[in-house]
Number of protein chains: 2
Amino acid sequence: MRRPRKSDFPVSEVRRYLEPGPIVLVSSRCDGKTNIMTLGWHTVLEFSPSLVGLMISAGNHSFQMIRDSGECVINLPTTALTDIVVGIGNTSGAEIDKFAEFGLTAEKAAKVGAPLIGECHASFECHLHDDALVGRYNFFIFEIVKAHVAASPKHPETLHYTGDGVFMVSGKIISRRSKFRPEML
Amino acid sequence: MRRPRKSDFPVSEVRRYLEPGPIVLVSSRCDGKTNIMTLGWHTVLEFSPSLVGLMISAGNHSFQMIRDSGECVINLPTTALTDIVVGIGNTSGAEIDKFAEFGLTAEKAAKVGAPLIGECHASFECHLHDDALVGRYNFFIFEIVKAHVAASPKHPETLHYTGDGVFMVSGKIISRRSKFRPEML
């Protein structure tokens, strides 16, 4: 599998990748073990600090690992990884080592202990910022403290989950830049 | 403009339309006035009750209307409405009547005072469920209490905002249903 070469990317601009609503792969490490989960319930919350909200169901093996470590990495897979995304979503880290099982590369992050997934288009290192709604809604607010993004394509083909085993695919672009007021861009 | 005929849809299944992360149009009514805003920062939070989280920036004219009324409607535009979406995002309800300005039809909702947008593919009536994070993050948690969806297409072409005036388009489908464990569907 291809491992795109990634460069630093401004954390205040990660909305370019997350606001469109793709399925992401969330990697974690706790007590020396790693795990990966698929996640589609997330939202951008702020540009600076770069805040995102993730609903991580308590039934996931990753839930306690992320809660205890206070860290994770949000990785952006493209359609090239569709079958791996499905495989990761249909298995549990309680039973298998997902990096080994799916042939993925755990790369060292810069600011968190959780690993980056080398085969993804982008990886966003996260610190837990606010757990006020974790008890009630399993809703974690993270600050993205470091972003790594492949230089091209600028708008990769991503997966957007609809439930029922069906993904929508994004990739085609419509620009209306000229119709925006400058302060709205 | 076309006004698709919509039918009741199970509120516990709205993730089909919202989880893929489309730009939505949020309509509101307060003190006899209506408004519409574009919004891309949202996430599904729960199937039943059907909960969604929306980050509504306090700079929007809609913010106070939605906070005071405790209601809104989340409407799903397709790419047929691209220029209207851009127009709504680049104007303020403090200055214009957006329904009139953009030729949209305010239809009566069943359970809230805020209007449905007739030209959208789907409309989800919302009651404010939890405002615990409104003060800190402008993050509203709504319960969808009624859903109206056009019967076809099942997966309409939707807009996914990346910032900088650029939208990604979703519509093409990949199904991996056969590879999911039944309990994961």
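Taken over the stretch B:146-185, the criterion of being acidic (Asp, Glu) and outside any loop (DSSP other than H, G, I, E, B) is satisfied by B:Glu183 alone. Of the helices (runs of 4 or more DSSP H) entirely within the stretch B:64-141, those holding at least 1 residues that are among the acidic types (Asp, Glu) and more than 24 Å from B:Arg15 (Cα to Cα) occupy B:82-89, B:98-101. Within the stretch B:1-50, if we keep just the residues that are touching a Lys or Arg at 6+ places or on another chain (Cβ under 8 Å) and in a strand (DSSP E or B), the residue that is nearest to B:Glu107 (Cα to Cα) turns out to be B:Thr34. Of the set (1) more than 9 Å from every other protein chain (Cβ to nearest Cβ); (2) surrounded by fewer than 16 Cβ atoms within 10 Å (Cβ to Cβ), all apply to A:Asp164 but (1). The residue pairs whose first member lies in the stretch B:3-27 and is more than 10 Å from chain A (Cβ to nearest Cβ), whose second member is of a type in the set (Phe, Trp, Tyr) and part of a helix (DSSP H, G or I), and whose beta carbons are closer than 8 Å, counting only pairs six or more residues apart or on different chains, do not exist in this structure. Note on the stretch B:85-129: residues that are within 25 Å of B:Arg5 (Cβ to Cβ), hydrophobic (A, V, I, L, M, F, W, C) and within 14 Å of another protein chain (Cβ to nearest Cβ) amount to 4.
Inside the stretch A:133-161, residues that are within 11 Å of chain B (Cβ to nearest Cβ), among the aliphatic types (A, V, I, L, M) and in contact with a helix residue (DSSP H, G or I) (Cβ under 8 Å, 6 or more places away or on another chain) make up a count of 2. Which of (1) within 9 Å of chain B (Cβ to nearest Cβ); (2) free of Cβ contacts under 8 Å to residues at least 12 places away in the same chain does A:Pro182 not meet, given it meets every other one? Condition not satisfied by A:Pro182: (1). Scanning the stretch B:28-66 for residues that are among the aliphatic types (A, V, I, L, M), farther than 19 Å from B:Ile117 by Cβ and within 10 Å of chain A (Cβ to nearest Cβ) yields B:Val44, B:Leu45, B:Leu51, B:Met55. The residue of the stretch A:127-159 that is farthest from A:Thr78 (Cα to Cα), among those that are at pLDDT 95 or above and among the basic types (Lys, Arg), is A:Arg136. Across the stretch B:151-161, the number of residues qualifying as buried (at least 17 other Cβ atoms within 10 Å of the Cβ) and either of a type in the set (Lys, Arg) or at positive phi (or both) comes to 0.
The values are calculated or read from the model by the stated rules, or taken from the named source; none is laboratory data. Just so you know, these numbers come straight off a predicted model, no measurement behind them. Methodologically, a virtual Cβ is constructed for each residue, glycine included, from the backbone with ideal geometry; neighbour enumeration extends over all protein chains shown.
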